[in-house]
Amino acid sequence: MTLTNRSKVVSNKKFSFWEMIYLPAIFKGMAITISHLFRKKTTVCYPEVNRPFSEVYRGLHVLKLDDQGRERCTACGLCAVACPAEAITMVAAERKPGEEKLFREEKYAKVYEINMLRCIFCGYCEDACPKEAIFLTNRTVPSDYERDGFIYGKDKLVETLDKRVDVSKRQTASVLEFKKDKHHKHNQ
Amino acid sequence: MEKIIFYSLSTLAVFSALMVVLSKKPIHSLLYLLLCFFTIAGHYVLLNAQFLAVVHIIVYAGAIMVLFLFSLMLLNLNIKEELQKTVWMRIIAVISGGLLLVALVGVLKGLDTSAGPMLASTQIGLMKNIGNVLFNEYMLPFEVASILFLTAMVGAVMLGKDEEKVVKK
Amino acid sequence: MLYIIYKLVLITIILLVSLGIAMYATLLERKFAGFLQDRFGPDRAGKWGLLQPVADGVKLFFKEEYMPNTADKFLYILGPSLTMLVALLTSAVIPWGPSIFIAGTEFSLQVADLNVGILYVFAIMSMGVYGIMIGGWASNNKYSLMGAVRASSQMISYELAMGLSIASLIMVMGSVRLNDIVDAQQGWNWNVIYQPVGFLIFFICALAETNRHPFDLPECETELIGGYHTEYSSMKLGFYLFSEYINMFVSSAIISTLYFGGYHFPFIDKLGLSPNVAAIVGLMIFFAKIIGFIMLFMWIRWTLPRFRYDQLMRLGWKILLPLALLNLAITGIVILATQ
């Protein structure tokens, strides 16, 4: 019984004379290696050449503001629950009167931290978010000398008004439609 | 010039030969022996016997000493495990050393040093001349020596073989 | 006086050229490896990575000097020095090119025209193992010792076959002077045509004696960490690594001298060049041959996997040695028959 058609039957047959002196096999191998000399190289010379990122690359997170510049996040904690690496922590707070311009909902995240050393960039937080607040973007997490530097708080995660992060490529109509699926409890 | 080289080589040769005996570590004495071989090869070169010098290095320094070093490295000889020197051993050592000294003195006394270097020609050490002498005058001893080596080789192979297998066959 | 000054200058030039070629052989090796594996190899230091050997050298010099406290101090330092010395010694007898004539005086491009040239090369090559053995033993480390033991047994095993292949070459040539051997190979009379089996044996043994792949069992990273140079760091390690490339350069030079006509090239005498121009062209041709062989060494390294130890011994004693003996016998019979 064969599971695949690629399996090879191993045999212990005696070598013929030409196989025994190894030289033909050696020359064959050398011909193979030398043919690689003229092949196209697969190396991407990084600082000069950048490898193109996918439009929906899952990189550094962003906490979106709505069109009036208010934070969308309501600190429901679904992203933290969904996170398989347990990288997200948050502290919720109640919106005080007079802060309506800053926060869209009555509850907001006072502290919102993602540990980038724990994060595996799976994008489950993005899927879980009912408020369209967190997205992964095609930016990468820069390197750092300290571990503390990899815990990203709201100062680094929330987008600023003058530098909005474009997530229209990943927030397509079909994605929005998918999120309305009743299978996801939070959409009920 | 030649004299300076001769004397410095000789000093080095005697010094290294002494160090072979006096060194505590076997590996050190072996390396001194190697140095001694090189100085002797230098003497051959001074006598215009380059072939002899090179063969001396190839055979003694390049092959035999490598084997010696090879086995010494695996022995792991420490000073602690050195043989116990009993009184009897010391007495025997003194007697045999004294006998060697007597023999050496006797040889030196019988040596005629007045004639100086007795080289028939300066070309005697060249490869062609050595070959001619070896294969004309000393043909029989040469071949007997090679047979001796062959016997030694066969013996070594026999010793190296697994005894049970030899018996079975 | 002029003679001595000329020889000193020549020695200095040959030393610098050997070191320079060995330096750039390291870069060539890495570039070649890269290209054979669909990569570019080092290309950051300077244009096409041309400054990479310099960067490596500087790095090795500034690395921490480390010495195991149980090591034999003197021998530990002697090991790499001896390896380097022996690697450089061989180039003294290689005829690099025809003589150059300046104002009627002949300037030979060979440091020493020994009348036992080949045997000298052979003797020095057999010395090469001492540096490795001493260094490996003095490190007082079991991996180093294993590397040293492997190096010595490998060297002894392959020296025999190498000596016999040289012997059959000497029988054909009738001389052991390297100059005579080169001059006998004018035109197409390359020894490789008369001694193809001898060349093959010599080449395989040269690979083994320089500890190149697939015979690099003394350093064998996967089994012995780094073999004899496990405990070495800084420039002492650099000497070991560097002497391998010098050995490779010298071996290539010896192979081209013995089997590929040295500085001779077919049709060179038909071009009607003046002796000096012909000497320079011959020198260039010789170096082209050497670099070709260095490339071949590298090509083999990046193609063949390492031998297993028993395979190495079997190849040396049961295949190469009888083959070399057979070659010797056949060469003798042919010479007798044609006389």
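The values are calculated or read from the model by the stated rules, or taken from the named source; none is laboratory data. In this text the structure is predicted, and so the values were computed from the model without any measurement. Neighbour counts run over all protein chains shown; Cβ positions are idealised from the backbone, glycine included.
Observations on the model:
Residues checked against (1) within 14 Å of another protein chain (Cβ to nearest Cβ); (2) out of contact with any Pro (no Cβ under 6 Å at 6 or more places or on another chain); (3) within 30 Å of C:HIS264 (Cβ to Cβ):
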| site | (1), (2), (3) |
| --- | --- |
| C:ILE5 | no, yes, yes |
| C:LEU10 | no, yes, yes |
| C:LEU15 | no, yes, yes |
| C:GLY34 | yes, yes, no |
| C:ASP56 | no, yes, no |
| C:ASN69 | no, yes, no |
| C:ASP72 | yes, yes, no |
| C:ILE77 | yes, yes, no |
| C:VAL86 | yes, yes, yes |
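- Members of the range C:11-55 found to be at pLDDT 85 or above, part of a helix (DSSP H, G or I) and of a type in the set (D, E, K, R), listed by number: C:GLU29, C:ARG30, C:LYS31
- When A:ILE120, A:ILE151 are screened for being touching a strand residue (DSSP E or B) at 6+ places or on another chain (Cβ under 6 Å), farther than 14 Å from A:LYS64 by Cα and not polar (S, T, N, Q), only A:ILE151 passes.
- Residue satisfying all of: in the range C:145-201; assigned to a loop (DSSP other than H, G, I, E, B) and among the aliphatic types (A, V, I, L, M); surrounded by the fewest Cβ atoms within 10 Å (Cβ to Cβ) among these: C:ALA184
- The selection criterion, being of a type in the set (A, V, I, L, M) and either within 11 Å of chain B (Cβ to nearest Cβ) or in contact with a Gly (Cβ under 8 Å, 6 or more places away or on another chain) (or both), holds for C:ALA123.
- Close pairs (8 angstrom Cβ cut-off, 6 or more residues apart or separate chains): within 8 Å of C:SER234 (Cα to Cα) in the range C:52-69, assigned to a helix (DSSP H, G or I) and of a type in the set (Lys, Arg) anywhere: C:GLU65/C:LYS236
- Failed criterion for B:GLU82 (all others in (1) at pLDDT below 85; (2) part of a helix (DSSP H, G or I); (3) over 30 Å from B:PHE6 (Cβ atoms) hold): (2)
- A:ASN50 vs. criteria more than 28 Å from A:PRO142 (Cβ to Cβ), more than 13 Å from chain C (Cβ to nearest Cβ) and modelled with pLDDT under 90: no
- Residue in the range C:54-62 that is under 21 Å from A:GLU48 (Cβ atoms) and more than 22 Å from the chain's Cα centre (by Cα) present: yes
- Once the range C:278-306 is narrowed to residues that are among the aliphatic types (A, V, I, L, M) and farther than 20 Å from C:THR257 by Cα, the residue that is surrounded by the fewest Cβ atoms within 10 Å (Cβ to Cβ) is C:LEU304.
- Checking each residue in the range A:94-109 for being surrounded by 13 or more Cβ atoms within 10 Å (Cβ to Cβ), under 13 Å from A:ALA75 (Cβ atoms) and not hydroxyl-bearing (Ser, Thr, Tyr) picks out A:ARG95, A:PHE103, A:ARG104, A:GLU105, A:LYS107, A:ALA109.
- Filtered residues of the range C:72-108 (kept if of a type in the set (Gly, Ala, Ser), outside any helix (DSSP H, G or I) and surrounded by fewer than 19 Cβ atoms within 10 Å (Cβ to Cβ)): C:SER99, C:ALA103, C:GLY104, C:SER108
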